[in-house]
Each structure stands twice: as C-alpha cells, then as structure tokens.
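A single structure is presented below for examination.
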Amino acid sequence: MSEREDRFVVFGQIGQDLAMRLDRTPVIGSSFRVTDSRWLLGGKGANQAVGLRQLGAQVALVGAVGADSIGGMLRDAAIDDGIDVCGVARRGASAVLVDVVDRSGERLLLEHVPPSSLVTQHDADAAEDHVRRAGTVCLQAQQPARVLLHAAEAARAHGARVALDGAPEPELAERLVALADTLRADATEAEALVGFPIADEHRARAACADLLNRGPSVVALEVPGQGDLIGSRSGMRFLPHGGDVVDRTGAGDAFFVGLVRALARSWSAQRAGDFAAAAAASTVTRLGGRPSLSHLQPLLTSRAP
C-alpha cells in the first residue's frame, strides 16, 4: 500500500455545531427542557475530515471559517484532531449549525451558512499541491459546482480518485458524476440525480444502475428509514440500518468516510459497504454529527479485502 493511498483531501463545509437533545418533539411557540447539549467542530467537511483521520488517513481540509473568534476556535479544533488546515481560509462569518434531537432520534437541523463560508475557485487553486499528492479527493455537493468541477478535473489530472457526496447543481451534475469514481447520495439527492423517488430497495437498485452507467465505479444510495444500497459493476448489496439511534446527524458522513477509506485500501465495494455501514451505525449512537471511528481503524489492516 503506497503512502499516497492514505492521503485524502476534503473539500467541504466547516462550522460550529450546537447539538441539543430534548425530552420530547419540539413545537414552535413552546418551551422545552434540554437534557444534553454539546458544542462541536462540525459541518460535513470537518466531520468527514475528522472521521478519515480517526481511520488513520492523512487529511487536508479545504474550506473556510470566519474571521471571527469562532473561526479561530474551529481552526484550532481541526488542528487538535490532526488535520492539515493549510487549505482553510479565514473570511467573513463562521457557519453555525444547530441540531435539535428528540428522544426518538428525530431531528430538526438549523443552518446559518454565510456565502463567505463556501469554497471558492481561489481556495481550490491554493489546494492543488495537496490534490497532487492525494490518493482520494472528497467533494461535497453543498459547495459551488463550478469549484467542485475544477477540483475534480485537477484530481483526475494528478491521478487521484474522486469521491462525490451528494447531488451537485443541475447544470454541472452530469459532468461531475462522470468524473466521480465513487458517488454517495441520500434519498433526496439521489432523486435529484435520477428524476424519481427512492422509496424502497427496488427503486434504489434502478437508480444505482442508472448512476453506474454515467461513470462512477461505486455508488451508494440511502433508502429512507431502511438502509443503504451499495452497487458496483460486480453487483449490488442492501445494507440495513443498524445501531441504537440517538441522533442520525452525521450518519451519512460516517458512511461516506468508511466507504472511501476502505476503497482506498483496495477493498471490494461490498466489503467496503459493510465497513461503511459499521461506521454509520457507530455514529448514530451519539449526540451530534462528530464521528468516533478510531475503534474501527484496526479492521482496515486486520481484514483482507
């Protein structure tokens, strides 16, 4: 296994997460007791970078935090997690995300994402040296599609895998999907890509086949409330949701992280899917989207692909 295969670059959101657990489902106009709360380094980009680092990867994060005091704390937290933050710009105000969860695990997510917190063309250009040395470049479709396309083309030019999370803006979606080696999407994102709802495993299989024909070699799609479908040219496999659910926030990020980390180790798509499902199941047992995957890292070296 080459050193390059353990190097990842993540283009994505960085923000401050406030996760709160209530004793019952919130209703507008009422007051509720908070039974647990946590301030965390969050956002999809940061969560995925943290998860990859916990799984033994070398990770460079490309994104933006505010030029405010929150931004400084977020950057320091990422450094404490062992993440390379040379690609993290400081400008404007920091993104803030509030995750409210009730006893059943249902959640309400509030997001304040200033335009300044999105990745720019300049950010992507400044990160090209990281991309050149990476084995995998992870792109989150929350970010501007034209910037992601530039990063995907640079990744391909330097021989890196491209892993796409989500559904890009429609005008560039086809080009980005065609450049992706790995694509992961939740049900809403998958519907945006294929044009029909992902209501069950049968529909997920049809969507997966469609997307595999567009370029990716591995596709993972969520079936709401049921599980995830992992597909490749060697076949498809349905993975039921697992874990005692406290908070579903971050489950998709953990699944994506587990999948791309295992694929970088040359695991088969089906075995990588099992590992991804274990990562997601571990994450939903905790409040907040921050992963805790270090206990899974030994499996990457102790199991054959």
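The values are calculated or read from the model by the stated rules, or taken from the named source; none is laboratory data. No experiment lies behind these values; they were computed from the predicted model shown. Heads up, the Cβs are rebuilt from the backbone with ideal geometry, glycines too, and the neighbour counts pull from every protein chain shown.
Being in contact (Cβ under 8 Å) with a residue 24 or more places away in the chain and farther than 12 Å from ARG205 by Cα is the filter; apply it to the range 228-239 and report the residue that is nearest to the chain's Cα centre (by Cα).
By that ranking, first place goes to LEU239.
Among the residues of the range 118-125, is any in a helix (DSSP H, G or I), over 24 Å from PHE255 (Cβ atoms), of a type in the set (A, V, I, L, M, F, W, C) and touching a residue at least 60 places away in the same chain (Cβ under 8 Å)?
Yes, the range 118-125 contains a residue that is in a helix (DSSP H, G or I), over 24 Å from PHE255 (Cβ atoms), of a type in the set (A, V, I, L, M, F, W, C) and touching a residue at least 60 places away in the same chain (Cβ under 8 Å).
From the list ARG146, ARG237, ARG132, ARG161, pick out the single residue that is surrounded by fewer than 24 Cβ atoms within 10 Å (Cβ to Cβ), closer than 23 Å to GLY45 by Cβ and touching a strand residue (DSSP E or B) at 6+ places or on another chain (Cβ under 8 Å).
Among ARG146, ARG237, ARG132, ARG161, only ARG161 is surrounded by fewer than 24 Cβ atoms within 10 Å (Cβ to Cβ), closer than 23 Å to GLY45 by Cβ and touching a strand residue (DSSP E or B) at 6+ places or on another chain (Cβ under 8 Å).
Is one or more of the residues making up the range 244-254 under 14 Å from ARG107 (Cβ atoms), under 15 Å from the mean Cα position of the chain (by Cα), aliphatic (A, V, I, L, M) and surrounded by fewer than 24 Cβ atoms within 10 Å (Cβ to Cβ)?
Looking through the range 244-254, none of the residues is under 14 Å from ARG107 (Cβ atoms), under 15 Å from the mean Cα position of the chain (by Cα), aliphatic (A, V, I, L, M) and surrounded by fewer than 24 Cβ atoms within 10 Å (Cβ to Cβ).
Does PHE196 fit the bill of being buried (at least 18 other Cβ atoms within 10 Å of the Cβ), hydrophobic (A, V, I, L, M, F, W, C) and either modelled with pLDDT of 90 or more or farther than 23 Å from ASP181 by Cβ (or both)?
In short, no.
Select, from SER31, SER2, SER37, SER117, the only residue that is modelled with pLDDT under 95 and within 30 Å of ALA134 (Cβ to Cβ).
SER2
Among the residues of the range 200-219, are any crowded, with 24+ Cβ neighbours inside 10 Å and in contact with a Cys (Cβ under 7 Å, 6 or more places away or on another chain)?
Yes, some residue in the range 200-219 is crowded, with 24+ Cβ neighbours inside 10 Å and in contact with a Cys (Cβ under 7 Å, 6 or more places away or on another chain).
I'd like the residue in the range 85-110 that is in contact with a Gly (Cβ under 8 Å, 6 or more places away or on another chain), in a strand (DSSP E or B) and of a type in the set (D, E, K, R) and, out of all such residues, is nearest to LEU40 (Cα to Cα).
ASP99
Residue by residue through the range 65-84, note down the ones that are in a loop (DSSP other than H, G, I, E, B) and either among the hydroxyl-bearing types (Ser, Thr, Tyr) or under 18 Å from VAL9 (Cα atoms) (or both).
Correct list: ASP81, GLY82, ILE83.
Hey, among the residues in the range 70-113 that are in contact with a helix residue (DSSP H, G or I) (Cβ under 6 Å, 6 or more places away or on another chain) and among the charged types (D, E, K, R), which one's surrounded by the most Cβ atoms within 10 Å (Cβ to Cβ)?
Only one residue fits best here, namely ASP81.
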